[in-house]
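Following: one structure in structure tokens, then a few remarks.
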Amino acid sequence: MTEFTHDILVAGGGIAGLTAAAAFGQAGFSVLCVDPAPPVTEREAQGADLRTTAFLQPAQAMLARAGLWGRLAPHAMPLQTMRIMDISGEMEKSRVRRDFDAADISDQPFGWNLPNWLLRREMAARVEEMPNVTFRPGVAATGLFTRTGEARVRLSDGDEARVRLVIAADGRNSPMRQAAGIGARTLRFGQKALAFAVTHPIPHENVSTEIHLKGGPFTLVPLPDHAGKPSSAVVWMEEGREALRLRDLPTEALEATMSARSAWLLGPLSLASQITLWPIISRVADRFAGERLALVAEAAHVVPPIGAQGLNMSLADLAALLELAEARPEGLGDPAMLAAYDRKRALDVRMRVAGVSMLNGVSMLGGQPFGALRARGIEALHGVAPVRRGLMRLGLGAGNAPRP
Ligand SMILES: Cc1cc2nc3c(=O)[nH]c(=O)nc-3n(C[C@H](O)[C@H](O)[C@H](O)COP(=O)(O)OP(=O)(O)OC[C@H]3O[C@@H](n4cnc5c(N)ncnc54)[C@H](O)[C@@H]3O)c2cc1C
């Protein structure tokens, strides 16, 4: 009989990997999680992930199930209103502006926003206190060998893990996906996203705002006050060379440019962090499972950062996998479980990747008549009442059928 070292190996200790480790640990499975890069858990430290993640309602439920929400809630900023604007029109009245209020569909906010570096700090601390979960930062998964009854994963420190299930949460280039010979389709947009934090004189009132102009959206997401001033996280998508030019501007010139780009909605913006740069692609794996292997998060799907879909889809992957594991623990990682996982996620993931890619394509269009087309596209996607309610419900995972 096979001697397993653990039930599960999670490759990757990013936000998705650490959530997987905590969730499966909480459900009683023994878990080993490895990641070659130790988590950077301070805002000002070199290499800190300065993005923030807006967790929508179902993702919050998953974090609660993993025993993580109690630690995260004190740092979370509720998102009550989502505002979409197109500011290409020259006259105020020719601009498109739509507000979606969470109160229209539930008594909860749309979601909660948290900085990624803080998520890693709290998640690493949580798995540290779980007796059946081992997190080994500084160690990579370097090789995968599977057969019907087990997976063997070679580790960079010379060890080998023998497990029933490998969860690949090892990012967009997923070494585990490649080791399993699973391909992926990629769509390149030629854009990059600048991510940083700002402070501003006008309070954000818990409104998350996506401002569209050619090149891509400029998104302001509420954060708790910083240095005694209202603060927001910014994700600013632009054509690649323009993004590099913006990153290299002197601070004063950058602040003037970003304030104008935000249409001065919150007054003049002041840079309040380092800037990080992220290439924008869409990618979907050809399938989401292989022998003894489940792909989750960016190992399975990557989308442009529009509508807070990326990590929320990832937590939906974990919720589906956990449900299957708990329904039949003795079948953990067997072909029936993994085929069911692939079936459960395929349609939802492909629909969302296609939808967000289309929205990004529309958002990038520049110049007249494309500005007008973009405005009409955005209005069509967000403006018509049933479509709008459908999108809101989709975002909240409340089902796909729009209410009449
Ligand atoms: C600018 C920006 C803003 C975003 N905002 C949002 C948002 O508001 N809401 C949202 O839902 N999503 C958002 N996303 C998407 C979200 O950030 C990503 O989906 C998420 O960070 C990806 O998490 P991950 O754990 O899959 O990948 P990663 O964070 O890349 O983690 C992968 C981990 O795997 C490790 N690894 C690599 N190789 C190995 C190996 N051989 N063995 C073991 N480990 C390995 C890496 O070191 C890394 O730590 C945003 C994305 C961008 C670019």
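Descriptive notes on the structure:
- The set of residues from region 222-234 being under 15 Å from Ala308 (Cα atoms) and in contact with an Asp or Glu (Cβ under 9 Å, 6 or more places away or on another chain) comprises just one member, Pro222.
- Answer from Leu114, Leu63 - the residue that is assigned to a helix (DSSP H, G or I) and open to solvent by less than 20 Å² (accessible area, probe 1.4 Å): Leu63
- Of all residues in region 2-38 being surrounded by fewer than 21 Cβ atoms within 10 Å (Cβ to Cβ) and within 8 Å of the ligand (Cβ to nearest atom), the one that is modelled with the lowest pLDDT: Ala37
- Scanning region 39-60 for residues that are open to solvent by 50 Å² or more (accessible area, probe 1.4 Å), touching a residue at least 24 places away in the same chain (Cβ under 8 Å) and either within 14 Å of the ligand (Cβ to nearest atom) or within 19 Å of the chain's Cα centre (by Cα) (or both) returns Arg51, Pro58.
- Given (1) under 29 Å from Trp278 (Cα atoms); (2) at pLDDT 90 or above, number of the condition Glu160 does not satisfy: (1)
- Taking the numbered list (1) surrounded by fewer than 24 Cβ atoms within 10 Å (Cβ to Cβ); (2) within 23 Å of Pro175 (Cβ to Cβ); (3) under 16 Å from the mean Cα position of the chain (by Cα); (4) of a type in the set (Asp, Glu) in turn, Asp317 passes all entries but (1).
- Taking (1) surrounded by 23 or more Cβ atoms within 10 Å (Cβ to Cβ); (2) in a helix (DSSP H, G or I); (3) of a type outside the set (Val, Ile, Thr) in turn, His212 satisfies each apart from (2).
- Among the residues of region 218-269, the one identified as of a type in the set (Phe, Trp, Tyr) and open to solvent by 50 Å² or more (accessible area, probe 1.4 Å) is Trp264.
- Residue check, Leu266 of a type in the set (A, V, I, L, M), over 27 Å from Val166 (Cα atoms), modelled with pLDDT of 90 or more and in contact with a His (Cβ under 6 Å, 6 or more places away or on another chain): yes
- Of residues in region 281-308 being of a type in the set (Val, Ile, Thr) and open to solvent by less than 10 Å² (accessible area, probe 1.4 Å), the one farthest from the ligand (Cβ to nearest atom): Ile306
- Of the residues screened, Gly361 is not one that is out of contact with any strand residue (DSSP E or B) (no Cβ under 6 Å at 6 or more places or on another chain), under 20 Å from Val31 (Cβ atoms) and more than 16 Å from the ligand (Cβ to nearest atom).
- So Gly138, is it within 15 Å of the ligand (Cβ to nearest atom), open to solvent by less than 10 Å² (accessible area, probe 1.4 Å) and either of a type outside the set (D, E, K, R) or at pLDDT below 95 (or both): no
- Restricted to strands (runs of 3 or more DSSP E) entirely inside region 133-204, those with at least 3 residues that are under 26 Å from Ile280 (Cβ atoms) and of a type in the set (Lys, Arg) are 184-199.
The values are calculated or read from the model by the stated rules, or taken from the named source; none is laboratory data. The model shown is predicted, which means the values in this text are computed figures rather than measured ones. For neighbour counting, all protein chains shown are included, and Cβ atoms are generated from backbone atoms with ideal geometry for every residue, glycine included. Keep in mind that these areas ignore ligands, DNA and RNA; they rest on the heavy atoms of the full protein, side chains included. Shrake-Rupley method; radii C 1.70, N 1.55, O 1.52, S 1.80 Å.
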